[in-house]
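The values are calculated or read from the model by the stated rules, or taken from the named source; none is laboratory data. Quick caveat: nothing in here was measured; it's all calculated off a predicted structure. Cβ placement follows ideal geometry from the backbone for every residue including glycine, while neighbour counts extend to all protein chains displayed. Keep in mind that these areas ignore ligands, DNA and RNA; they rest on the heavy atoms of the full protein, side chains included. Shrake-Rupley method; radii C 1.70, N 1.55, O 1.52, S 1.80 Å.
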Amino acid sequence: MKKAHWEKNLVELIRRASTDLPADVEAALRRALNREKKSSLAAWALESMLQNAARARRDGIPICQDTGELIFFFRVPVEFDTNGLAARARAAVSRATRLGYLRQNTLDAVSGASFETNVGYGAPTFCFEQGGRKTVDVRLVLKGGGCENVGGQYSLPDAGLDAGRDLEGVRRCVLDAVWRAQGAGCAPGVIGVCIGGSRASGHVHAKEQFLRRVGERNRVRALARLETKLLADVNRLGVGAMGLGGKTTALAVKIGALSRLPACFFVTVSAMCWAFRRRGVVLGPEGGVHRWLY
Amino acid sequence: MKTLRYPFTAAAVKELAVGEMVSLSGRVFTARDRLHKHLYEGGRCPVNLKNGAIYHCGPIVLRRDRTWVVRAAGPTTSLRQEAYMPRLIAQHGIRVIVGKGGMGEGTRQACAKCGCVYVQAVGGAAALLAEAVRSVSAVHFLREFGMAEALWVLEVENLRGVVAMDAQGRSLYRRVRERSRRALRDVLRNGVKA
């Protein structure tokens, strides 16, 4: 493994993620802007978001100063050196922090001290999966703290929400989470949902939904229908961009499902802000770029 | 668009109404979780916040040729400071709070009582908002609190936002929340089949 190669391309991945808003997200924000009245506060907020995205891309500046939790999703060949890859990724994160693509954003939870290079205990976050190919697929999501704070997990049935163990119950949980968040999660972003799973896997799978593009249709027909219905419902709430009121509260709802225990029925909701930083790259066995994703 | 320059007077602040766009120039102080807790607990305040604006913001700042360069400086969620904010407004004479997502009842009442406004900047718009920062005149608590939580003294020109809570006790968020509560009731009625 050529260290320098890997590191250089992983730094470039971080730079792109932090400074270059994906095209599908930008197009969705533009559609949202076109739906709002010209002089409304929602239009002002959406216009500022688009201007900001253009400025960040042009000058190589982070889209948002909260460069968030760095979540790396790796798909590697069988018997690949994952420890070595994790070490390369940590080195890339350190360098990207020194270059100003990332804020010093990682704190010691006990002492409160700030880690200078964003490499701490369990930070950055790595998810590994083995695949059949010879290439390494790296997808990176930067998830800010504002939207992370408004996520949550429900356990059905929930008497307070009148939510039972069915898709209608799931719908009620998602609507509750979005209503409670109001503008705090920097709406309009994408709502990731996991039906089922455990307390831990539910959160991971809800976040995995963010790897799907805004317009991508769910392959499971029942979930595709629920996604469409929920997006329409959420946007009828009128919370709008930054909670200032408006027609678009979310750009998409993405739902996954995991098997569950008979006793458990969790619905996990994870919110992604409009500054939806997601990039990916396919790297060859020596760390060279095959192609960029998204 | 109303324009305000530091120091901000009670009279100027009281003229602002919810929904109005405002442009701030002059000095602003960044303040986040650690600083709010520190001041609330009676800790030392190295700057004079009277008639000043605090910005709920943890910027990305780089050191270049012995000067600080602010690269990204958007607002952070303000609601986390709700427990501290009313007392700090009253004790320090803060006139303007810039942040995102709005604040609660205590702050709404403190704004009305003391003559203070809450301005919503666009969350996440860090590159755009950093352009309003002309220079950094000082930084405090950098070693203790870290880059994001330090108190940065920023000189800004045309820092923009919308007045979302005014000195008359009106709150844009309260209106949106109530309207969306009614909408939620309607949406819940139209369910999916089990």
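Could you tell me which residue of segment B:131-148 is nearest to residue A:67 (Cα to Cα), considering only residues that are at pLDDT below 95 and open to solvent by less than 30 Å² (accessible area, probe 1.4 Å)?
Out of the qualifying residues, it is B:148.
Could you go through segment A:196-213 and let me know if any residue there is over 13 Å from the mean Cα position of the chain (by Cα), part of a strand (DSSP E or B) and over 30 Å from residue B:103 (Cα atoms).
Yes; the residues of segment A:196-213 include at least one that is over 13 Å from the mean Cα position of the chain (by Cα), part of a strand (DSSP E or B) and over 30 Å from residue B:103 (Cα atoms).
Mind telling me which of the residues A:154, A:101 ends up being assigned by TED's automatic domain parsing to the domain that holds residue A:210, surrounded by 20 or more Cβ atoms within 10 Å (Cβ to Cβ) and of a type in the set (Ser, Thr, Tyr)?
A:154
Here are some residues: B:90, B:167, B:127. Which one is in a helix (DSSP H, G or I) and crowded, with 21+ Cβ neighbours inside 10 Å?
B:127
Scan A:257, A:181 and give me the residue that is closer than 28 Å to residue B:164 by Cβ and open to solvent by 10 Å² or more (accessible area, probe 1.4 Å).
On the way: A:257 fails: closer than 28 Å to residue B:164 by Cβ.
Just a single option satisfies the conditions, and that option is A:181.
Consider segment A:186-242. How many of its residues are open to solvent by 10 Å² or more (accessible area, probe 1.4 Å), within 21 Å of residue A:72 (Cβ to Cβ) and of a type in the set (A, V, I, L, M)?
Selection size over segment A:186-242: 3.
Considering segment A:104-140 alone, what residues qualify as being open to solvent by less than 60 Å² (accessible area, probe 1.4 Å) and without any contact (Cβ under 8 Å) to a residue 40 or more places away in the chain?
Passing the criteria: A:104, A:105, A:106, A:108, A:112, A:113, A:114, A:115, A:117, A:119, A:120.
Does segment A:99-121 hold any residues that are more than 21 Å from the chain's Cα centre (by Cα), within 14 Å of chain B (Cβ to nearest Cβ) and either closer than 14 Å to residue A:8 by Cβ or of a type in the set (A, V, I, L, M, F, W, C) (or both), and which are they?
Scanning segment A:99-121 gives A:99, A:109, A:113, A:115.
Quick test of your reading of the structure: residue B:174 fulfils all but one of (1) surrounded by fewer than 18 Cβ atoms within 10 Å (Cβ to Cβ); (2) out of contact with any Gly (no Cβ under 9 Å at 6 or more places or on another chain); (3) in contact (Cβ under 8 Å) with a residue 60 or more places away in the chain; (4) not polar (S, T, N, Q). Name the failing condition by number.
Single failed check for residue B:174: (2).
Could you check segment A:115-181 for strands (runs of 3 or more DSSP E) lying wholly inside it with 3 or more residues that are of a type in the set (D, E, K, R) and touching a strand residue (DSSP E or B) at 6+ places or on another chain (Cβ under 8 Å)?
Working: elements: A:125-131, A:136-143, A:152-155.
In segment A:115-181, the matching strands (runs of 3 or more DSSP E) lie at A:136-143.
Have a look at B:179, B:160 and point out the one that is more than 7 Å from chain A (Cβ to nearest Cβ) and open to solvent by 20 Å² or more (accessible area, probe 1.4 Å). It would help to see each step written out before you state the result.
On the way: B:179 fails: more than 7 Å from chain A (Cβ to nearest Cβ).
Only one candidate passes the filter, namely B:160.
Do we have any residue at all in segment A:66-73 that's in contact with a helix residue (DSSP H, G or I) (Cβ under 6 Å, 6 or more places away or on another chain) and either at positive phi or not in a strand (DSSP E or B) (or both)?
yes
Out of (1) without any contact (Cβ under 8 Å) to a residue 24 or more places away in the chain; (2) open to solvent by less than 40 Å² (accessible area, probe 1.4 Å); (3) part of a loop (DSSP other than H, G, I, E, B), what's the single condition that is false for residue B:74?
If we test residue B:74 against (1) without any contact (Cβ under 8 Å) to a residue 24 or more places away in the chain; (2) open to solvent by less than 40 Å² (accessible area, probe 1.4 Å); (3) part of a loop (DSSP other than H, G, I, E, B), just (1) comes out false.
Among the residues of segment A:262-293 satisfying the criterion of being farther than 28 Å from residue A:135 by Cβ, outside any strand (DSSP E or B) and in contact (Cβ under 8 Å) with a residue 12 or more places away in the chain, which is most open to solvent (accessible area, probe 1.4 Å)?
Checking each candidate, the answer is A:264.
Only one residue in A:87, A:56 is over 26 Å from residue A:146 (Cβ atoms) and either touching a Lys or Arg at 6+ places or on another chain (Cβ under 9 Å) or within 14 Å of another protein chain (Cβ to nearest Cβ) (or both), so which one is that? Outline the logic, then answer.
Values: A:56 fails: over 26 Å from residue A:146 (Cβ atoms).
Only one candidate passes the filter, namely A:87.
For segment B:15-54, give me each residue that is surrounded by fewer than 16 Cβ atoms within 10 Å (Cβ to Cβ) and basic (Lys, Arg).
Once the filter is applied, which keeps residues that are surrounded by fewer than 16 Cβ atoms within 10 Å (Cβ to Cβ) and basic (Lys, Arg), segment B:15-54 yields B:37, B:44, B:50.
Would you mind finding the one in B:16, B:39, B:35 that is under 21 Å from residue B:106 (Cα atoms), assigned to a loop (DSSP other than H, G, I, E, B) and away from chain A (no Cβ under 11 Å)? Lay out the reasoning, then the answer.
Values: B:39 fails: assigned to a loop (DSSP other than H, G, I, E, B); B:35 fails: assigned to a loop (DSSP other than H, G, I, E, B).
Criteria check complete, one pass: B:16.
Restricting to segment A:206-243, and then to whatever is of a type in the set (Gly, Ala, Ser) and within 14 Å of chain B (Cβ to nearest Cβ), can you tell me which residue is farthest from residue B:164 (Cα to Cα)?
Just the residues of segment A:206-243 that are of a type in the set (Gly, Ala, Ser), to begin with: A:206, A:215, A:222, A:224, A:232, A:238, A:240-241, A:243.
Pick out the ones that are also within 14 Å of chain B (Cβ to nearest Cβ) and you get A:222, A:224, A:232, A:238, A:240-241, A:243.
Working: A:222: 40, A:224: 37, A:232: 27, A:238: 16, A:240: 14, A:241: 13, A:243: 10 Å.
That would be A:222.
Among the numbered criteria (1) away from every other protein chain (no Cβ under 14 Å); (2) in contact with an Asp or Glu (Cβ under 8 Å, 6 or more places away or on another chain); (3) modelled with pLDDT under 95, which one does residue A:79 miss?
It fails just one condition, (2).
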